[in-house]
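Input: a single structure, listed below in structure tokens.
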Amino acid sequence: MNRVLITALPLVLLACSSENATGQNSAAAAEKPFKTSVIADFDSPWAMTFLPDGRALITEKAGEMILFDPKNGTKIPVAGMPKVDSAGQGALMDIVLSPTFGQDRKVYFSFSESGPGGKGVALATGIFNQASDGTTKLDGVKTIFRATPYIEGNGHYSGRIAFSPDGKYLFFTNGERQKFDPAQDPKATLGKVLRLNLDGTPAAGNPLAAKGFHPAVWSYGHRNLLGIAFDKDGRLWEQEMGPKGGDEVNLIKPALNYGYPKVSNGDHYDGKPIPDHSAHDGYEAPKVWWNPVISPAGLLYYSGDLFPQWKNSLFIGGLSSKALVRVKLDGENAAKADQWDMGARIREVEQGPDGALWLLEDGGQGSQGRLLKLTPAN
Ligand SMILES: [Ca+2]
Ligand SMILES: [Ca+2]
């Protein structure tokens, strides 16, 4: 097959092929309300975002950022990226455009790195520039925030980015690094949702600073937060990989403690029980949780017109579940809606300019790292 597959290749056809290893049968595939087209293939992609001109920036785990043009399949490497420590769950992680991208071409991205004390997740900015010969780079790359503290290990960095609807604040997720207790440690940014100014400094008025918390903390008691998104009414939704049987979608509110590792509807992977959430225990319970787990990676709030029936839904990419998962929102409530078998670990979900859904497969454990475009079946 060609390196770049711009021809639509419905998975319905793949599902009938003897080469298909997805385990789907064609009847189940045919029930999907979308057609899946394979657009391109990447090397362990992690995140993507669309530019105003319809091209996309795509991050790869080892540290490459790629400018991709869906119209012709062109891939251009973006120069100027910092050194990434991509061992284990480490990666060049999220990529989002600044709220002011139209004026200043600034982008924000996250990555894991080595530093004093061990490793941690960092947040950086750069100015996206493309020369007349097509070469592309980020100019003036600057790390503007680092997790506290850096510690040993290669897991649970998190590193997802979202901007408040007014464009004034940046919300950044820091995972608990598989060390459990940092999620409840007021001084650590680990296991927290953070609210920062656009220059990476902690936002004034964060709700726990006066109680001795790190001044960036917005909410705490989280595990591995691999998705964060605002809805049309300005509510902040978050998903996280919980312990065994405890993956979560949470509605994030300032100063609340979401419980980990003190309480969870799941239990530790080594079998040790964790008390479940219960009413009036002082911990904020998830709106939705999964047992068995789905291993949620990317999170998208859908606002497009191409799938009007899915407005006001969250879409979640599932790793171990090899699924695209839809959660229906209704004000402050959320409920499981759909879980489609995609036959591959799904790392990222994005909305295209026309409202199509775009997925990035994970690159490991049998998944190929393909870029998929979903459009209505009929
Ligand atoms: Ca994205
Ligand atoms: Ca439990």
Taking the convex hull of the alpha-carbon atoms of the range 80-155 and averaging its shadow over every direction gives an area in square nanometres of 5.6 nm²
Taking Cα pairs closer than 8 Å and at least 6 residues apart, the relative contact order of the range 182-248 in percent is 25 percent
Taking a crude spin-label model, label points 7 Å out from Cα along the C-beta direction, the Asp104 to Asp43 distance in nm is 3.2 nm
Exposure-ranked with fewest Cβ neighbours within 10 Å first, His214, His268, His222 stand as His268, His214, His222
On the formula 1/(1 + (r/R0)^6), with r taken between the Cβ atoms of Ala337 and Asp276 and R0 of 22 Å, the FRET efficiency rounded to 0.05 is 0.40
Distance in nm between Arg55 and Ala210 label points, each 7 Å along Cα→Cβ, equals 4.9 nm
Taking N as the number of residues in the range 109-193, the ratio of its alpha carbon radius of gyration to 2.2 N^0.38 Å works out to 1.27
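With the contact rule set at Cα under 8 Å and sequence spacing of 6 or more, what percent relative contact order holds for the range 270-369?
Normalised by residue count, the contact order of the range 270-369 is 22 percent.
Given the rule -39500 (n - 2.57) for each run of at least 4 DSSP H residues, summed and divided by the residues of the chain, what is its mean residue ellipticity at 222 nm, to the nearest 500 deg cm²/dmol?
Numbers: 3 runs with 14 residues, N = 378.
Only helices count here, giving -500 deg cm²/dmol.
If Rh is defined by the Kirkwood formula over all Cα pairs and Rg also comes from Cα, what ratio Rg/Rh do you get for the range 278-343? All intermediate terms of the calculation are to be shown ahead of the outcome.
Details: Rg = 13.2 Å, Rh = 13.0 Å.
The Rg/Rh ratio comes out at 1.02.
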Hits in the range 356-374: amide N under 16 Å from the 7 Å Cα→Cβ extension of Asn154, namely 363-366
Projected area averaged over all directions for the convex hull of the alpha carbon atoms of the range 18-163, nm², comes out at 11.5 nm²
Per the 1/(1 + (r/R0)^6) rule, R0 = 22 Å and r from the Cβ atoms of Ala62 and Gln365, FRET efficiency to 0.05 is 0.85
In the neighbourhood of Pro165 defined by beta carbon distances under 11 Å, the net charge of the other residues (Lys, Arg +1; Asp, Glu -1) is 0
Here the percent of antiparallel bridges among DSSP beta bridges lying wholly in the range 158-219, to the nearest 5, is 100 percent
Note, Asp338: beta-carbon cut-off 15 Å, +1 each Lys/Arg, -1 each Asp/Glu, net +4
For Tyr108, Tyr302, ascending order of other Cβ atoms within 10 Å (fewest first) is Tyr302, Tyr108
log10 I(q)/I(0) for the range 158-296, Debye formula on C-alpha points only (no solvent), q = 0.20 Å⁻¹, two decimals, reads -1.16
Rh_Kirkwood(the range 192-271) over Cα pairs, Å, one decimal, evaluates to 13.5 Å
Note on the chain: alpha-carbon gyration tensor, axes a ≥ b ≥ c; rule is a/c under 1.5 for rounded, else prolate if a/b larger than b/c, else oblate; result oblate
Length gained if Ala131 through Asp305 is fully extended, taking 0.36 nm per residue and subtracting the Cα-Cα distance, is 59.2 nm
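May I ask what percent, to the nearest 5, of DSSP beta bridges between residues of the chain are antiparallel?
95 percent
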If each K or R counts +1 and each D or E counts -1, the residues other than Trp289 whose Cβ falls under 14 Å of its Cβ total -3
Along the range 97-109, Karplus-curve 3J(HN,Hα) (6.51, -1.76, 1.60; θ = phi - 60°) to the nearest Hz, with x for Gly and Pro, reads 7, 4, x, 9, 4, x, 9, 10, 6, 7, 10, 10, 8
Percent relative contact order for the chain, counting Cα pairs under 8 Å at least six residues apart, stands at 13 percent
Karplus-derived 3J(HN,Hα) from phi for the range 146-163 (6.51 cos²θ - 1.76 cosθ + 1.60, θ = phi - 60°), whole Hz, x at Gly and Pro, runs 10, 4, 10, x, 7, 9, 5, x, 10, x, 6, 6, 6, x, 8, 10, 8, 9
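Since every read-out is calculated from the coordinates, none of them should be taken as a lab result. Keep in mind the model is a prediction, meaning the values are calculated, not measured. Note: ideal-geometry Cβ built from the backbone for every residue, glycine included; neighbour counts use all protein chains shown.
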